[in-house]
Amino acid sequence: MKHGVLAVQVTQLKCGGIILGCTFDHRVADAYSANSFLVSWSELARSEPLSQLPSFRRSSFFLRCSGYYDDSIDGLYVSMSTLPPTKPETLNPNDQVVSRIYYVTGDKIEHLQSLASCCDQKGTKSQRSKLESFSAFLWKSIACAINKF
């Protein structure tokens with residue numbers, strides 16, 4: 001985002017409704033916080049009481065003890081090496097959705113990052129993050145695949 005930390009676009013529909021599009025700078029708010037903000041905003045617009053009061057305690061950012069997560073979180077994930085390999089003969093070509101897992105090496109991500117980074121008019125290189133670069137690659141791949149149908 002070049003200007004500010006929040007961009008809002010409102011589209012008014014002929015039926016009287018609106019569509020609200022928002023973009024947040026992730027250095028300021030994560031997805032959970034952004035969602036909480038939008039929910040509170042909509043509640044205020046409808047003159048409803050806030051379901052979740054905002055917290056302005058700065059002390060939340062200064063942890064006095066090391067981080068902790070519950071061991072139950074480990075049960076939410078499965079190691080890729082424990083998954084059985086998919087047999088090609090079990091795949092039906094008429095299936096609409098096929099779920100696949102791909103392993104992408106770090107050098108491939110760095111290559112995508114270098115391709116996504118560009119120079120501006122002054123010749124200054126604009127570095128894209130690995131996540132931005134990989135996301136752009138995925139979107140481009142999906143768009144190309146859709147255009148083939």
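The values are calculated or read from the model by the stated rules, or taken from the named source; none is laboratory data. Please read all numbers here as calculations on a predicted model, not as lab measurements. Cβ placement follows ideal geometry from the backbone for every residue including glycine, while neighbour counts extend to all protein chains displayed. Quick note on the areas: whole protein, heavy atoms, side chains included, nothing else; ligands and nucleic acids left out. Shrake-Rupley method; radii C 1.70, N 1.55, O 1.52, S 1.80 Å.
Annotation note: Cβ proximity below 7 Å between a residue of region 117-128 that is open to solvent by less than 80 Å² (accessible area, probe 1.4 Å) and a residue that is in a loop (DSSP other than H, G, I, E, B) and modelled with pLDDT under 75 (sequence gap 6+ or interchain) occurs for S126/D120.
Look at region 16-44: where a residue is part of a loop (DSSP other than H, G, I, E, B) and a partner is surrounded by 10 or more Cβ atoms within 10 Å (Cβ to Cβ) and β-branched (V, I, T), sitting 6+ places away or on another chain with Cβ atoms under 7 Å, you get D25/V5; V28/V5.
The residues of region 35-44 that are open to solvent by 80 Å² or more (accessible area, probe 1.4 Å) and of a type in the set (A, V, I, L, M, F, W, C), listed by number, are F37, W41, L44.
Per-residue answers, yes or no, for (1) modelled with pLDDT of 70 or more; (2) more than 24 Å from H26 (Cα to Cα):
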| residue | (1), (2) |
| --- | --- |
| D95 | no, yes |
| C119 | no, no |
| Q127 | yes, no |
| K148 | no, yes |
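Only residues that are of a type in the set (K, R) and at pLDDT 75 or above were counted across region 97-117, and they come to 1. Going through region 1-37 one residue at a time, which ones are more than 30 Å from Q127 (Cβ to Cβ) and touching a strand residue (DSSP E or B) at 6+ places or on another chain (Cβ under 9 Å)? Hits for region 1-37 are V10, T11, Q12, L13, I18, I19, L20. Looking at region 47-70, which of the residues that are assigned to a loop (DSSP other than H, G, I, E, B) and within 17 Å of A29 (Cα to Cα) is modelled with the lowest pLDDT? Only one residue tops the list, namely F62.
Scanning region 1-34 for residues that are open to solvent by less than 90 Å² (accessible area, probe 1.4 Å) and not hydrophobic (A, V, I, L, M, F, W, C) returns G4, T11, G16, G17, G21, T23, D25, D30, S33.
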